[in-house]
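Data first, discussion second: the structure below is written as C-alpha cells.
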Amino acid sequence: MTAHTAHSVGLQEYLKRGEALRAAADAEHARMRRMKFDTIAVHGAYGLEAALANQGSLNEPLYLSPAQTFESSDHLEAALAYLMPAWTYSRYANPTVGYLEETLALLESYGFDGEATACATGSGMAAIFLATDPFLVSTQGAVGTSGSDRRANIVASARLYGGTFMLFQQRYGAERGVEVRWVHDPLDLGEWSSRIDENTRFVYGEMPSNPSLAVFDIAGLAEIAHGFGLPLIVDSTVATPALMRPLLHGADIVVHSVSKNIATSGLAIAGALIARHVIPSKVGPDELRQDFARYIKQLPYRDYGPSLSPFNALMVLNDLRTLRLRMEAQSRSAMQVARFLAQHPKVEGVWYPGLEDGAGYEVSRRYLWLADGCDDYNEPVNRYGALLSFTVRGGMPAARQVFDRLQLIWRAADLGRIKSLATIPAISTHQQQGAAGRLLAGVPEHLIRLSVGGEATADLIADLDQALSDRGL
C-alpha cells in the first residue's frame, strides 16, 4: 500500500466517523425539538450521552483550551476542511460555545416548521455586523444589477439601538458608501416598500426597538422583502425567544444581544445570530443561501475573529435555563410600572408595547406571546417584555433630576438584567448619533429608559414615585 493510498483510506475513515457524529447530533436535535420551551432552555443540546462522555457532569463542561489535538494528519485534514465535526481552535468553534449555539437555535426555532442554525459571537454588535456585512459585498455579479457602478443600499427602521444606527450610518454609509435608507414609521408597510429597489441588499428592523419600543408587522414586511428577493433581518433582543420568534413569521435572520435578557445576571457579554435554512439573497454563494449561520461560522467568523469566550458561553447557558419564567415575571411587573407612570402627573409620555393607547399596540398583540402560555393559563397570553421608556414634564433638567434621585433602580447604560436599570439614551446609548439622528430615531432628549428587573414591583414603583416627587420639579 502506497503512502498516498494509506492517506486516502485513513481520510475516508474519518469521513465515516464524521457522518456518524452528524447523525447522532441530528437525532439528538430532533429529540429536543419535540420538547417544550422550558425543557429546551434547561437541557439544550447537552443530553445524557454527552454527560456520560464528560465524566457524568450535570452541567455543560467549560472547555478553556484554545486548541484541539488530533489523532493523525488525516484527522487534522478532515477537521480543518470541515469534512467532519470538530472544534479545532476557539476562533473557529468551541464545545461549550457549541452547546449554547444549539440551544439558541432550538429556542428561536421553537414551533417553526423549518430548520435553523445559530452562530454565537463575542457581543451583540458582532452578531449584527456578521448578519449584515456578507450582503454588502461588491455589486459585481449581484442579481438584478448590471455591474459595479450600482450603489448598494440597505433599508432599515430608524428606530434602532444607537450602536446599530452608527454601524449602518457611519461604518457602512459614510465609510463604505452604502446608501442607508431609513424608514421613519416602521408601522407603515408602504414606506418600507417605497424604499426598496433592485439595489437593496437587505431589510432590517428591531422589535420592540430600544429605546422607543417601536414595532412593525413582521409577516407583512417579510412578504415585501421576499418579493424583492431580499432577506429580512430582525433584532429581537428585547423580546427574546420566550416572547417572540420572528422565524415563525417569515423573518430570515434573527440577531440578539445575548448580553441582555438572556444573560440576565450581567456576568457575560455575548451575541448571536440565528438563521433559517434557505434564505433569499442577491449576492453571495449558494452556501450563504442554504445555511447562512453555518456559512458565517465557517468563513467570515473564522476570518474576522469575533469569537465568544467559552466562559461567557457557560454563564449565558446558566442564565438561559430560566428565560421564559423570568420574561413572564418581568413582563408582568413592567406592565404595572408602565401603567403607574402613564397616570403620574409628572410623566409626559410612556412607551411600552402593552399599553392599549400606543400606536403599535395591535401589532404588538399579534406578535408578542408568552411561549407555551396555554400550559399556564389554558389560553394564549400576551407578554410585552421588561423594557419601557418615559418622558418627564420639564424637559432634560427634570429628567436628570428624576434620574439622579433613583435609589433602588440603578443608573447604567445597560438593560435586560435581573436588577432594574435606567439610563437617559440621549446622553448615553444614543449620544454619538447626534440630535438629528436621535430625532430620526424617535429618541427625545428627556427620555428615560427603564429596564424592569426581578425586584418586587411595589418597591420599584415606590422608588419611581419618590424620584418623581415635587421636590425641585
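Values in this text are rule-based calculations from the coordinates and carry no lab data. Just so you know, these numbers come straight off a predicted model, no measurement behind them. FYI the Cβ positions are ideal-geometry reconstructions off the backbone, even for glycines, and counts take in every protein chain you see.
Considering lysine pairs in the chain that are 8 or more places apart or on different chains, how many have Cα atoms under 28 Å apart? Can you show the working numbers first?
On the way: LYS16/LYS297; LYS36/LYS260; LYS36/LYS297; LYS36/LYS419; LYS260/LYS297; LYS260/LYS419; LYS282/LYS297; LYS346/LYS419.
Step by step, the pairs that qualify in the chain add up to 8.
Give me the percent of DSSP beta bridges within segment 93-320 that run antiparallel, rounded to the nearest 5. Don't jump to the answer; show the numbers that get you there.
Numbers: 11 of 26 bridges.
For segment 93-320, the DSSP antiparallel bridge percentage is about 40.
Please compute the length gained on full extension between ARG366 and ALA24, using 0.36 nm multiplied by the number of residues separating them and subtracting their Cα-Cα distance.
That pair, ARG366 and ALA24, stretches by 119.4 nm at full extension.
Which net charge results for the neighbourhood of GLU71, defined as the other residues with beta-carbon distances under 13 angstrom from its beta-carbon, given Lys and Arg at +1 and Asp and Glu at -1?
Details: positive: ARG17; negative: GLU13, ASP74, GLU77.
Here the count lands on -2.
If you take the square roots of the eigenvalues of the alpha-carbon gyration tensor of segment 323-467 and sort them as a ≥ b ≥ c, do you get rounded (a/c under 1.5), prolate (a/b over b/c) or oblate? The partial results should precede the final answer.
Numbers: a/c = 1.85, a/b = 1.48, b/c = 1.24.
Prolate, because a/c is 1.5 or more and a/b exceeds b/c.
Segment 147-206: which trypsin sites (Lys or Arg not before Pro) are DSSP loop and have at most 12 other beta-carbon atoms within 10 angstrom?
ARG151, ARG176
Would you mind computing, in nm to one decimal, how far apart the modelled labels at THR322 and LEU15 are, each placed 7 Å from Cα along Cα→Cβ?
Inter-label distance under the simple model: 4.9 nm.
How much net charge surrounds ALA462 when only other residues with a Cβ under 14 Å from its Cβ are counted (Lys, Arg +1; Asp, Glu -1)?
Spelling it out: positives minus negatives among the neighbours equals -3.
With label points built 7 Å along Cα→Cβ from the Cα atoms of SER72 and ASP376, find their separation and express it in nm.
Each label point is offset 7 Å from its Cα along the Cβ direction, giving 5.4 nm.
What is segment 388-473 by shape, rounded, prolate or oblate, if you read a ≥ b ≥ c off the alpha carbon gyration tensor as root eigenvalues and call it rounded for a/c under 1.5, prolate for a/b larger than b/c, and oblate otherwise?
It is oblate, given that a/c is not under 1.5 and a/b is not larger than b/c.
Can you figure out the FRET efficiency of SER57 with LEU267, using R₀ = 30 Å and their beta-carbon distance, to the nearest 0.05?
Details: r = 20 Å, r/R0 = 0.67.
FRET efficiency, SER57 to LEU267: 0.90.
Which net charge results for the neighbourhood of GLY385, defined as the other residues with beta-carbon distances under 12 angstrom from its beta-carbon, given Lys and Arg at +1 and Asp and Glu at -1?
Within the 12 Å Cβ shell, the charges total +3.
With runs of 4+ DSSP H residues as the only contributors, calculate the mean residue ellipticity of the chain at 222 nm using -39,500 (n - 2.57) per run, divided by the residue total and rounded to the nearest 500.
-11500 deg cm²/dmol
Take the Cβ-Cβ distance between LYS36 and ARG91 as r, set R0 to 35 Å, and report the resulting FRET efficiency rounded to the nearest 0.05.
Plugging the Cβ-Cβ distance into 1/(1 + (r/R0)^6) gives 0.50.
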